[in-house]
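Structure, as structure tokens:
The values are calculated or read from the model by the stated rules, or taken from the named source; none is laboratory data. Just so we're clear, the structure is a prediction, and the values are computed from it rather than from any experiment. Cβ sites come from the backbone with ideal geometry, for glycine too, and all protein chains shown count toward neighbours. Ligands, DNA and RNA are excluded from the accessible area calculation, which covers all protein heavy atoms including side chains. Shrake-Rupley method; radii C 1.70, N 1.55, O 1.52, S 1.80 Å.
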Amino acid sequence: MAAFSATHCRSYSYSHSSSINGGQNQRFSFYSFSRLSVPAKAIRNSHQTVVLMQDGVVATKVTPVEKETPKEKLKDELLSVTSTNEWDEKAGSDSSENESTVSITVVGASGDLAKKKIFPALFALYYEDCLPKHFSIYGYARSKMTDAELRNMVSKTLTCRIDKRENCSEKMDQFLKRCFYHSGQYDSEENFAQIDKKLKKHEGGRVSNRLFYLSIPPNIFIEAVKCASSSASSGNGWTRVIVEKPFGRDSESSAVLTKSLKQYLTEDQIFRIDHYLGKELVENLSVLRFANLIFEPLWSRRYIRNVQIIFSEDFGTEGRGGYFDNYGIIRDIMQNHLLQILALFAMETPVSLDAEDIRNEKVKVLRSMRPLRLEDVVIGQYKSHSKGGVTYPSYTDDKTVPKDSLTPTFAAAALFIDNARWDGVPFLMKAGKALHNKGAEIRVQFRHVPGNLYNRNFGTDLDRATNELVIRVQPDEAIFLKINNKVPGLGMRLDRSNLNLHYAARYSKEIPDAYERLLLDAIEGERRLFIRSDELDAAWALFTPVLKELEEKKIIPESYPYGSRGPVGAHYLAARYNVRWGDLDIEQ
């Protein structure tokens, strides 16, 4: 099967960060990397070791797998040093019968997710030369629309990168020419057969690889997958399907969904997307830990007192209450986004960076977690509040929400991992809408210094002396470490200072949107940031019992004012484990 690779888009790199808080003489370094892609033609008939060298060249050591190679030829191959440009030329010299094309079909193309996220992400990939030479994008939905109308709709949401190159509008026009539309029902094999014909016409006899993005409600997932599988699958390449959350409402419905999907697709064809796994700072978690010696030895119960994973939005449901009321904040945010971050944070060192090795370790963490108890959960629902002459609505003021709804818009939970590394360390999660700020962050609070010589300088508030590592996922991405420092002067006065890696100050390039990374991974067949079925089962097993108990007992959420810091119960929950929420500090 022919394949492709976007060599200009990803490469291994290693850079030294030496400027913290704008200073030029301070040194506090973090390292990160991304993957190197090499053209498929170059690796089709041999095993290779690829080593990145200076000046963008790639040295390859080739061990042939065919018949015995003459010594002279083998010597030439072993000593070959090939530039990345030459790789491209070799890949481009493929015969047309071995060339491949990628057809991306956005099912539910008229919806908000497609307009605001998927099409802009695809354009960003095209703008950065990350998509293959031969590709086409089809929108598929029930709405009646022409190709021109789709292009007009999509063009309103496309933007170029911050560096705004001169050819931005030209690239946009080229991209839109690759976008087409087909109207059809999601449960019609006939309609999917029609789009199959259109796709074949664009593929032009090349090896066809097809990616379907299901941007549709979960109640019609299965019918759409059935029709796409039977009537629009690739005949000579790969077919992959991206599935958006929610992946069910509990263990039972999730299992039914997975079983139904596997009637038409293999596990390798299913890409369960959680866009938080595509966030730059979330992907950097393993790099921060495993590529920096100063962190890995500290990453355990011996030095870490608690871990906080916090998500907050400063707005309410804003008319989306109809969808949200069926799921609530626990299903919408905690069971997927925050739990995935926890698993990545707490996992053991994987055997390799292979997708299966990483996902194996995440599953081990989830299966080691103590079942969540009702007493370790606090739920809340925002109420109307007036501030500065403006009245903010309550959750039940949303016309799409039942007046007697008990759906939580806020939740806090204390979770524990019963293994040797994390035994006894509370992992505190909280997520909420209509709070005082918007953000997502991971806070690692370290233990107090035993026998601290400077205790009297901190007074009775030892928490102020605690070292804390903060990973700000969004907005204004940053990593900072809180340390204790002497204030300059003749006396002995201590201060809490930050060693700060502020991404906007350190890196001039705009951080890609999470959907860009995940779409590119799906096209390349990289599954590391997608959720495997056993991983999903373990996640639901953790939350399903407490969700059922909340609903069966009709637990009334604690009210909190719109724009506040959340219900008081969340503070009592943290205090029970001798923890204070880190995002409540004035300095944060």
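Summary of computed values
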item	result
Residue match in segment 544-554 (condition: more than 23 Å from residue 250 (Cβ to Cβ) and among the acidic types (Asp, Glu))	no
Among the residues listed as 273, 242, the single one being of a type in the set (A, V, I, L, M), closer than 24 Å to residue 547 by Cβ and either open to solvent by less than 10 Å² (accessible area, probe 1.4 Å) or in the same structural domain as residue 473 (by the TED database) (or both)	273
Residue 465, sole failed condition from (1) over 21 Å from the mean Cα position of the chain (by Cα); (2) at pLDDT below 90; (3) closer than 30 Å to residue 324 by Cβ; (4) surrounded by 16 or more Cβ atoms within 10 Å (Cβ to Cβ)	(3)
For residue 149: the one exception among (1) of a type in the set (Asp, Glu); (2) open to solvent by 80 Å² or more (accessible area, probe 1.4 Å); (3) at pLDDT below 85; (4) part of a helix (DSSP H, G or I)	(3)
Test: residue 527 is touching a residue at least 40 places away in the same chain (Cβ under 8 Å) and either in the same structural domain as residue 357 (by the TED database) or surrounded by fewer than 16 Cβ atoms within 10 Å (Cβ to Cβ) (or both)	no
Looking only at segment 355-377, and only at residues there that are part of a loop (DSSP other than H, G, I, E, B) and charged (D, E, K, R), the one that is farthest from residue 415 (Cα to Cα)	373
Meets criteria (open to solvent by 30 Å² or more (accessible area, probe 1.4 Å) and either closer than 17 Å to residue 231 by Cβ or part of a loop (DSSP other than H, G, I, E, B) (or both)) for residue 110	yes
Given (1) in a helix (DSSP H, G or I); (2) modelled with pLDDT of 90 or more; (3) within 30 Å of residue 472 (Cα to Cα), index of the condition residue 281 fails	(2)
Qualifying position, being among the charged types (D, E, K, R), open to solvent by less than 40 Å² (accessible area, probe 1.4 Å), at pLDDT below 90 and more than 25 Å from residue 246 (Cβ to Cβ), among 486, 482	482
Failed item, numbered, when residue 230 is tested on (1) without any contact (Cβ under 8 Å) to a residue 12 or more places away in the chain; (2) open to solvent by 50 Å² or more (accessible area, probe 1.4 Å); (3) outside the structural domain of residue 540 (by the TED database)	(1)
Evaluation of residue 359 against (1) in contact with a helix residue (DSSP H, G or I) (Cβ under 9 Å, 6 or more places away or on another chain); (2) surrounded by fewer than 17 Cβ atoms within 10 Å (Cβ to Cβ); (3) over 30 Å from residue 575 (Cβ atoms) (one fails), failing number	(2)
Condition met for residue 348 (closer than 21 Å to residue 420 by Cβ, under 22 Å from the mean Cα position of the chain (by Cα) and open to solvent by 10 Å² or more (accessible area, probe 1.4 Å))	yes
Yes/no for residue 499 being aliphatic (A, V, I, L, M) and either over 30 Å from residue 117 (Cα atoms) or open to solvent by 30 Å² or more (accessible area, probe 1.4 Å) (or both)	yes
Per-region count, segment 548-582, residues in a helix (DSSP H, G or I) and either polar (S, T, N, Q) or open to solvent by less than 10 Å² (accessible area, probe 1.4 Å) (or both)	4
Matching residues in segment 379-431 - criterion: being farther than 30 Å from residue 298 by Cα, modelled with pLDDT of 90 or more and in a strand (DSSP E or B)	379, 380, 381, 382, 383, 410
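A quick yes/no check of all residues on (1) in contact (Cβ under 8 Å) with a residue 24 or more places away in the chain; (2) among the charged types (D, E, K, R); (3) loosely packed, with under 13 Cβ neighbours inside 10 Å:
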residue: 371; (1), (2), (3): yes, no, no
residue: 377; (1), (2), (3): yes, no, no
residue: 383; (1), (2), (3): yes, yes, no
residue: 390; (1), (2), (3): no, no, yes
